[in-house]
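Peer 1: Input: one structure, supplied below.
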Amino acid sequence: MTKAEGRYWEVKPLEALTRQEWESLCDGCGRCCLVKLEDEDTGEVHFTDVACRLFDAESCGCRDYRQRRRKVRDCLKLTPEMVHALAWLPPSCAYRLRAEGRQLRWWHPLVSGSPETVHAAGVSVRGRVAASETEVALDDYPDHIVAWPQKVPRVAKAEVKLERSKKR
């Protein structure tokens, strides 16, 4: 296997990925599984620290991934077209990075070889989810708006700078 074949995420466009390759692009951060609120007047999307009812805040995964769209009406099945259109995807999202022609970050499991680096870098929502959507009244969602899901954590940035300096 050549390096290009082994690192398909660097050479294949999103549209050419197999289903397994597509799924492996997800870093398991869980940011997509946070409830988002859209301002009806401006269209601006705000993240909350409230997670989908199927979200496991410890593993940062879906409790029923195969049936999620049947059980959660507004759960999205991400497609290459959607990645290009969804402005709310976090800046750390591998789908967004690749759609923009950028490389995956050092902590992404495909790069690091470990699913734990996304948590170690502070990118995942582990330890940051306040509640499940089943525990919060709809009227209280605005009290849970947070800015951090739309930011890259300092640790992740610092490690990227460290990785760059090692290459020099």
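Only the coordinates and a few stated rules stand behind these numbers; no lab work does. This structure is a prediction, so every number in the text was calculated from the model and none was measured. Methodologically, a virtual Cβ is constructed for each residue, glycine included, from the backbone with ideal geometry; neighbour enumeration extends over all protein chains shown.
Peer 1: Place a +1 charge on the Cβ of each Lys and Arg in segment 49-168 and a -1 charge on the Cβ of each Asp and Glu, then give the dipole magnitude about the Cα centre in debye, rounded to the nearest 20.
Peer 2: Values: 23 positive and 15 negative charges, 170 e Å.
Roughly 820 debye for segment 49-168.
Peer 1: While we're here: Using helices alone, what [θ] at 222 nm do you get for the chain, with -39,500 (n - 2.57) per DSSP H run of 4 or more residues, divided over all residues and rounded to the nearest 500? Mind dumping the intermediate values first?
Peer 2: Details: 9 runs with 53 residues, N = 168.
Roughly -7000 deg cm²/dmol at 222 nm, from the helical runs in the chain.
Peer 1: So, by mean Cβ neighbours within 10 angstrom, what's the order for 82-94, 21-33, 65-77 with the highest one leading?
Peer 2: Top of the packing list down: 21-33, 82-94, 65-77.
Peer 1: Evaluate the relative contact order of the chain (contact order divided by residue number), counting alpha-carbon pairs under 8 angstrom at least 6 apart; express in whole percent. The partial results should precede the final answer.
Peer 2: Working: 204 pairs, mean separation 48.3, N = 168.
Value for the chain: 29 percent.
Peer 1: What number do you get for the chain when its Cα radius of gyration is normalised by 2.2 N^0.38 Å, N = residues? Let's see the in-between values first.
Peer 2: Values: Rg = 16.5 Å, N = 168, 2.2 N^0.38 = 15.4 Å.
Its radius of gyration relative to the 2.2 N^0.38 Å reference: 1.07.
Peer 1: In segment 40-168, how many lysine pairs have Cα atoms under 30 Å apart, counting only pairs 8 or more places apart or on different chains? List each step's numbers first, then the result.
Peer 2: Working: K71/K151; K77/K151; K77/K157; K151/K161; K151/K166; K151/K167; K157/K166; K157/K167.
Close lysine pairs found across segment 40-168: 8.
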